[in-house]
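This report concerns only the one structure given below.
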Amino acid sequence: MSNLNIKLAVITGACGGIGAAYARQLAGSGYDLLLIDRNSTQLAELAHSLNITYGISPKTIVADFCDADAIDALAISLAKLEHITMFINTAGFSENTLFEDEKMDFIMTMIDVHIIAMIKLTHAALPCMLKQKSGAIITVSSLGAFLPAPKSSVYSATKAFINNFMTSLHTEVSGKGIQVQALCPGLTHTNFHKTKNNRRFSKHFFINPWMQPEDVVKISLKKLSSKRVICIPGFVNKLIRVASTLLPRKLYYQIAMKLA
Ligand SMILES: NC(=O)c1ccc[n+]([C@@H]2O[C@H](COP(=O)([O-])OP(=O)(O)OC[C@H]3O[C@@H](n4cnc5c(N)ncnc54)[C@H](OP(=O)(O)O)[C@@H]3O)[C@@H](O)[C@H]2O)c1
């Protein structure tokens with residue numbers, strides 16, 4: 001079988017709730033996988049469970065995205081791949097501290113993971129897709145990109161960066177056979193919210209905005225063929241997005257401060 005007959009998806013943050021959901025759904029659709037994350041044990045466990053369930057043998061690469069050398073080495077490895085059907089950036093983490101109280105290390109790590117690594121790896125994966133005149137690039141952004149709020153300043157800003165970057169990229173490559181999507185999930189049941197003191201959203205809503213990662217990913221993959229770059233999964237999340245633009249700014253800021 002030639003390489004062009006193989007469907008390969010490269011997934012960062014692969015062991016996370018959303019990353020692993022992409023891995024399972026794509027494995028179920030016949031994809032080979034290259035899984036990237038920073039925890040070697042979790043990566044091995046995920047690869048093993050995908051092997052048992054789907055009969056595939058995913059490759060794995062361990063890389064911590066705050067390590068510039070590791071990212072550069074990973075970018076070189078991606079650039080050497082002969083075929084990439086899908087490149088999915090999901091690595092990320094949350095924030096729950098006022099900007100004034102945040103350590104600079106934490107801020108720089110968030111920028112490294114959400115922006116620097118994503119840009120370098122996307123740049124490394126793109127030439128292969130351009131050459132094959134096909135492919136898809138998904139970066140997991142957030143509904144938070146549209147909802148600047150206290151204790152979310154760097155997170156929200158990095159995710160807004162992702163949305164603008166992916167939208168610009170779409171304008172450059174959509175005519176070249178490449179699909180681009182910035183997935184903007186709202187509250188999703190993953191480890192993302194299990195970090196210390198980050199359970200703030202669970203009690204504040206009258207309607208339940210929470211989604212399962214499998215449902216979020218199903219929508220992402222289904223919507224990939226549409227011309228829309230920004231994908232907001234779920235009716236409640238779309239409602240929140242629309243409401244946030246319609247609310248008078250003063251009221252929006254009051255609600256944002258109350259939720260923080
Ligand atoms: N869950 C939500 O409610 C929600 C909402 C909106 C957007 N998102 C976005 O969805 C994406 C996936 O998050 P998730 O919900 O699936 O959370 P998750 O379960 O915590 O998964 C995030 C993954 O990224 C990895 N990661 C974090 N820092 C890294 C680093 N320095 N180097 C390499 N990998 C790193 C994590 O590894 P470790 O486990 O080792 O930390 C984990 O495997 C994130 O970009 C997040 O911003 C999530």
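Coordinate-derived values only; no laboratory data. None of these values were measured; they are calculated from a predicted model. Positions of Cβ are backbone-derived with ideal geometry, glycine not excepted, and every protein chain shown enters the neighbour counts.
Taking 71, 207, 61 in turn, the Gaussian network model of the chain (Cα-Cα springs below 10 Å) assigns the largest fluctuation to 207. 3J(HN,Hα) along the stretch 172-185, derived from phi through the Karplus expression 6.51 cos²θ - 1.76 cosθ + 1.60 where θ = phi - 60°, amounts to 7, 10, 5, x, 10, x, 10, 8, 10, 9, 9, 7, 10, x Hz, with x in place of Gly and Pro. A dipole drawn for the chain from +1 and -1 charges on Cβ atoms has a positive end, and of 57, 139, 186 the residue lying farthest that way is 186.
Neighbours of residue 54, meaning other residues whose beta-carbon lies under 12 angstrom from its beta-carbon, give a summed charge of 0 when Lys and Arg score +1 and Asp and Glu score -1. Here's the list of lysines a cross-link from residue 176 could span, going by alpha-carbon distance under 19 Å and ignoring same-chain residues fewer than 8 apart: 7, 131, 133, 223, 227. Given their separation in residues at 0.36 nm each and the Cα-Cα distance between them, residue 132 and residue 235 gain 33.5 nm when the chain is fully extended. Converting phi to 3J(HN,Hα) with the Karplus coefficients 6.51, -1.76 and 1.60 and the offset θ = phi - 60°, the stretch 76-89 yields 5, 4, 5, 5, 8, 5, 7, 8, 9, 7, 9, 10, 10, 8 Hz in sequence order, with x at every glycine or proline.
By how many degrees, 0 to 90 and rounded to 10, does the Cα axis of helix 118-132 deviate from the longest principal axis of the chain? Between the helix axis and the principal axis of the chain, the angle is about 40 degrees. Full extension of the chain between residue 94 and residue 53 gives 11.7 nm of extra length, using 0.36 nm per residue less the Cα-Cα distance. Put a plus charge on the Cβ of each Lys and Arg, a minus charge on the Cβ of each Asp and Glu, and nothing anywhere else: the dipole of the chain about its Cα centre is then about 1100 debye. Each of 208, 168, 44 was placed along the dipole of the chain (beta-carbon charges, centred on the mean Cα), and the one lying farthest toward the positive end is 208. Under 5 Å between amide hydrogens, built in the peptide plane, is the criterion, and for residue 179 it picks out 135, 136, 137 among residues at least 5 positions away or on other chains. Other residues within the sphere of radius under 9 Å centred on the Cβ of residue 70, judged by their own Cβ, net out at -3 (K and R +1, D and E -1). Which distance in nm do the two modelled labels at residue 226 and residue 164 give, with both placed 7 Å along the Cα-to-Cβ direction? In this crude spin-label approximation the distance works out to 2.4 nm. Short-range pairs are left out: with C-alpha atoms under 8 Å and at least six residues apart, the relative contact order of the chain is 18 percent. Neighbours of residue 30, meaning other residues whose beta-carbon lies under 13 angstrom from its beta-carbon, give a summed charge of +1 when Lys and Arg score +1 and Asp and Glu score -1.
Please report 66, 184 as a ranked list, fewest other C-beta atoms within 10 angstrom at the top and most at the bottom. Intermediate results must be reported in sequence, preceding the final value.
Working: 66 17, 184 24.
Arranged by neighbour count, lowest to highest, 66, 184 become 66, 184.
With neighbour counts taken as other beta-carbon atoms within 10 Å, the residues 87, 93 rank, fewest first, as 93, 87. Taking θ as phi - 60° and the Karplus parameters 6.51, -1.76 and 1.60, the scalar couplings of the stretch 227-242 work out to 7, 7, 6, 7, 10, 9, x, x, 4, 5, 5, 5, 4, 4, 4, 5 Hz in sequence order, x denoting glycine and proline.
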